[in-house]
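The structure appears right after this line, and notes come after that.
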Amino acid sequence: MSFDDFESEKDAIDLVTNSMFSVDFLKEISDLIFSGKGSEISVSEFYTQWLANSGSKEHKIPFNLGILTSYLYTGILLTKERWFNLIPNDSSDENLTDWGLSEIEYQAPKKATPSIRYVIKRIRNSLGHGYIKVDVPEGINDKSELMSKVFFEFYDVNMRDATDTFHARANLNALSTIIKKLQGVAHKDVRERVEVKA
C-alpha cells in the first residue's frame, strides 16, 4: 500500500482545497447572517453568488470530503494529543461497540485484541503522517450517502519496529462516533475541572 505515489498526492491536495472552500463558505454565510441582510437572499441565491465570487467554474459543495477530513484531524488528532489518558484502555466488545470501533475493519498483527486507546493512537499516527486514503465508490450521487458509503483507510508503521503495522478502514459514520466519544469525554473532563476551580 503506497501513500507516496502521485495519485495519493493529487487526492490529498483536493482534500485541502475542498476544505478551504468549505471554510470560505462558512465565513461568507456567517458574515451574511450577522450583517442583518440574511433574510433578503435565499440560500440558493447566496450559493450562486458565493460560487461566482470564488472564481470556480464548477460546483463546489460545502459538505465535502475536505471538510470531513479536517473534522477527522481536529476530532481525532487534536483530542488524542490533549486527552489521551481519558481514552479507555479497554478491548471489551461492549466498549468497542460504544466507541464505534466494532464498525471498523482493522489489522494489527502485533496486537491480538487492540484496545480503544491503541486503535485511536494508531489512527492518530496515520493522520499525523498523512498516511490516509479516501475510498469513494462509483455512483454516489446523493451527498447524504457520504457518511455511510465513503471509507477512509489508515496505515501506520511503528518507527522502532517495521513489522508492527496497523491498517484500518472505516466509514465516516464510524469515525464520527469515535470523534463524538472523544469530544464527550474531553468536554466532561474540562467541565468538571472548571467546576472544581469555581
Output for the range 152-176, where each listed residue is of a type outside the set (A, V, I, L, M), touching a helix residue (DSSP H, G or I) at 6+ places or on another chain (Cβ under 8 Å) and open to solvent by less than 50 Å² (accessible area, probe 1.4 Å): Phe152, Phe154, Asp156, Phe166, Asn171, Ser176
Among the residues of the range 25-66, write down those that are among the basic types (Lys, Arg) and either open to solvent by less than 70 Å² (accessible area, probe 1.4 Å) or under 25 Å from Met147 (Cβ atoms) (or both). Lys27, Lys60
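For (1) assigned to a loop (DSSP other than H, G, I, E, B); (2) touching a residue at least 40 places away in the same chain (Cβ under 8 Å); (3) of a type in the set (Phe, Trp, Tyr), each residue gets a yes or a no:
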| site | (1), (2), (3) |
| --- | --- |
| Tyr106 | no, yes, yes |
| Pro109 | yes, yes, no |
| Ser126 | no, yes, no |
| Ile140 | yes, no, no |
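A quick yes/no check of all residues on (1) closer than 26 Å to Pro62 by Cβ; (2) at pLDDT 95 or above; (3) open to solvent by less than 40 Å² (accessible area, probe 1.4 Å); (4) touching a Ser or Thr at 6+ places or on another chain (Cβ under 8 Å):
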{"position": "Glu81", "(1), (2), (3), (4)": "no, no, no, no"}
{"position": "Gly100", "(1), (2), (3), (4)": "yes, no, yes, yes"}
{"position": "Arg117", "(1), (2), (3), (4)": "no, yes, no, no"}
{"position": "Ser144", "(1), (2), (3), (4)": "yes, no, no, no"}
{"position": "Lys149", "(1), (2), (3), (4)": "yes, no, no, no"}
{"position": "His187", "(1), (2), (3), (4)": "yes, no, no, no"}
Number of positions in the range 11-49 that are free of Cβ contacts under 8 Å to residues at least 60 places away in the same chain and under 17 Å from Lys60 (Cα atoms): 23
Looking only at the range 142-162, filter to residues that are touching a residue at least 60 places away in the same chain (Cβ under 8 Å) and assigned to a helix (DSSP H, G or I); which one of those is farthest from Glu7 (Cα to Cα)? Lys143
All but one of (1) open to solvent by 80 Å² or more (accessible area, probe 1.4 Å); (2) within 17 Å of the chain's Cα centre (by Cα) hold for Glu138; which doesn't? (2)
Determine whether the range 91-98 contains at least one residue that is among the hydroxyl-bearing types (Ser, Thr, Tyr), under 12 Å from the mean Cα position of the chain (by Cα) and open to solvent by 30 Å² or more (accessible area, probe 1.4 Å). no
Restricting to the range 67-79, count the residues that are surrounded by fewer than 16 Cβ atoms within 10 Å (Cβ to Cβ) and of a type in the set (Val, Ile, Thr). 1
Can you find a residue that is free of Cβ contacts under 8 Å to residues at least 24 places away in the same chain and out of contact with any strand residue (DSSP E or B) (no Cβ under 9 Å at 6 or more places or on another chain) anywhere in the range 171-179? no
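The values are calculated or read from the model by the stated rules, or taken from the named source; none is laboratory data. On a predicted model such as this, the values are computed, not experimentally measured, just so you know. Quick reminder, even Gly has a Cβ in these numbers, built from the backbone with ideal geometry, and neighbours come from all protein chains shown. For the accessible areas, the whole protein counts, side chains as well, though only heavy atoms, and no ligand, DNA or RNA atoms are used. Shrake-Rupley method; radii C 1.70, N 1.55, O 1.52, S 1.80 Å.
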